[in-house]
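Here the structure comes first, spelled out in structure tokens, and everything after it is commentary.
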Amino acid sequence: MDDKECDDMILKAAGWLSKAMEQLNCSAPIEVTSTVCKKPLKDDLVILMSEAFHLVRFQNEKLKQLKTTLSATKNKLIESQQSVISLQEQVIDCKDKQLQAVQTTVKSTVEDSVKEQFKSYSDAVQENVMVCKPDSDSLPVGKLKDVVREVAHEEDRLRSVIIFGVPEREPANLAKRVEEVFNEMMVRPSIREISIVGKQSAGTTSRPIKVKLSSPSIVKAVLGQAKLLRNSDKLKSVFVKPDLSIEERTKRRQLVQDLKQRRISEPDKRHYIRGGAVHSEDTKSKK
């Protein structure tokens, strides 16, 4: 049913109501009562009844059409939502495949490098160029394994965030606790792995939670929403931070110590960490 049909139906109903009130000699709908309806002649009432019947019948048919159209629209909306979800899954799957392709390429390159090192060493022995040790410029296998392990650890770190301040409860349900934090941040990333950092000791109320996500770009998006926790009534003491390397943690720890010392020595100023350094500024408002 289009807009024109709706307008026609409204005009017909309004015309019939106006005519009925005129026949009943009423100036407002509230004046129409069963007593008033007894005054007009029988023929006039029969005509009004006939018109009312056909008007109601017409409206009933249009309501059925409207119901069918509404149902079809709902089905199309559901199909559209399912299509959007399917496209989102395809995008995520595509990103995963791209990441796997990069990992495969790195692994293949490393394996080829190892094979080349062993081949060069074997050829050198056969040709009596060297007896027991490889060329000094070649990379030792042990060192190569360390490099590969470090690259894998760095990749894992870039795809992870650390959640601080979440109280530990019994029984522990890490997935639910992490979901509560992300819901408060209005994000729903694809989670690959959840683990608690460190061992529980006496007096420990909470330990950091490491959450591995699908990609570094997702980590960046999640960290961008972490500021919403400051305004949360339930989780204002919870913080979400990047998974820092040992060197970065050491530097961060030193910055925090410097910040505390600066606050003690200069209590009248505002101190904060930004860009890997401690900054200070006067608290007096600038005119």
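I need the full set of residues from region 9-34 which are open to solvent by less than 60 Å² (accessible area, probe 1.4 Å) and farther than 19 Å from Ile47 by Cβ, in order please.
Across region 9-34, the qualifying residues are Met9, Ala28.
Would you tally the residues in region 248-284 being farther than 25 Å from Arg157 by Cβ and open to solvent by 100 Å² or more (accessible area, probe 1.4 Å)?
The qualifying residues number 8.
Going residue by residue through region 42-51, is there one that turns out to be charged (D, E, K, R) and open to solvent by 100 Å² or more (accessible area, probe 1.4 Å)?
Yes, region 42-51 contains a residue that is charged (D, E, K, R) and open to solvent by 100 Å² or more (accessible area, probe 1.4 Å).
Among the residues of region 207-247 satisfying the criterion of being in contact with a Pro (Cβ under 8 Å, 6 or more places away or on another chain) and open to solvent by 40 Å² or more (accessible area, probe 1.4 Å), which is nearest to Glu154 (Cα to Cα)?
Applying the filter and picking the extreme gives Ile218.
Which members of region 168-225 meet the condition of being of a type in the set (Asp, Glu) and touching a residue at least 12 places away in the same chain (Cβ under 8 Å)?
Glu168, Glu180, Glu184, Glu193 - these are the residues of region 168-225 that are of a type in the set (Asp, Glu) and touching a residue at least 12 places away in the same chain (Cβ under 8 Å).
Quick check on this structure: which one of Lys62, Lys76, Lys38 is touching an Asp or Glu at 6+ places or on another chain (Cβ under 8 Å) and either within 30 Å of Ser190 (Cβ to Cβ) or charged (D, E, K, R) (or both)?
After ruling out the rest, the residue left standing is Lys62.
Report the residue count in region 240-249 for those that are outside any loop (DSSP other than H, G, I, E, B) and at pLDDT 85 or above.
Looking only at that region, the number is 3.
If Pro189 passes every condition in (1) assigned to a loop (DSSP other than H, G, I, E, B); (2) open to solvent by 40 Å² or more (accessible area, probe 1.4 Å) but one, which one does it miss?
The failed condition is (2).
From Ala175, Ala202, grab the single residue that is open to solvent by less than 80 Å² (accessible area, probe 1.4 Å), modelled with pLDDT under 90 and not charged (D, E, K, R).
Ala175
Yes/no matrix, rows are residues, columns are (1) over 30 Å from Ile218 (Cβ atoms); (2) surrounded by 10 or more Cβ atoms within 10 Å (Cβ to Cβ); (3) modelled with pLDDT under 75; (4) over 40 Å from the mean Cα position of the chain (by Cα):
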position: Lys67; (1), (2), (3), (4): yes, yes, no, no
position: Thr73; (1), (2), (3), (4): yes, yes, no, no
position: Ser83; (1), (2), (3), (4): no, yes, no, no
position: Gln88; (1), (2), (3), (4): no, yes, no, no
position: Lys95; (1), (2), (3), (4): no, yes, no, no
position: Lys107; (1), (2), (3), (4): no, yes, yes, no
position: Glu111; (1), (2), (3), (4): no, yes, yes, no
position: Val114; (1), (2), (3), (4): yes, yes, yes, yes
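Among the candidates Gln257, Gln225, single out the residue that is outside any loop (DSSP other than H, G, I, E, B) and either within 24 Å of Glu150 (Cα to Cα) or within 28 Å of the chain's Cα centre (by Cα) (or both).
Unique residue meeting the criteria: Gln225.
The values are calculated or read from the model by the stated rules, or taken from the named source; none is laboratory data. Since the model is a prediction, treat every value here as computed from it, not as a measurement. Neighbour counts are summed over all protein chains in view; Cβ atoms, including those assigned to glycine, are modelled from backbone coordinates with ideal geometry. The accessibility values were calculated without ligands, DNA or RNA, using every heavy atom of the protein model including side chains. Shrake-Rupley method; radii C 1.70, N 1.55, O 1.52, S 1.80 Å.
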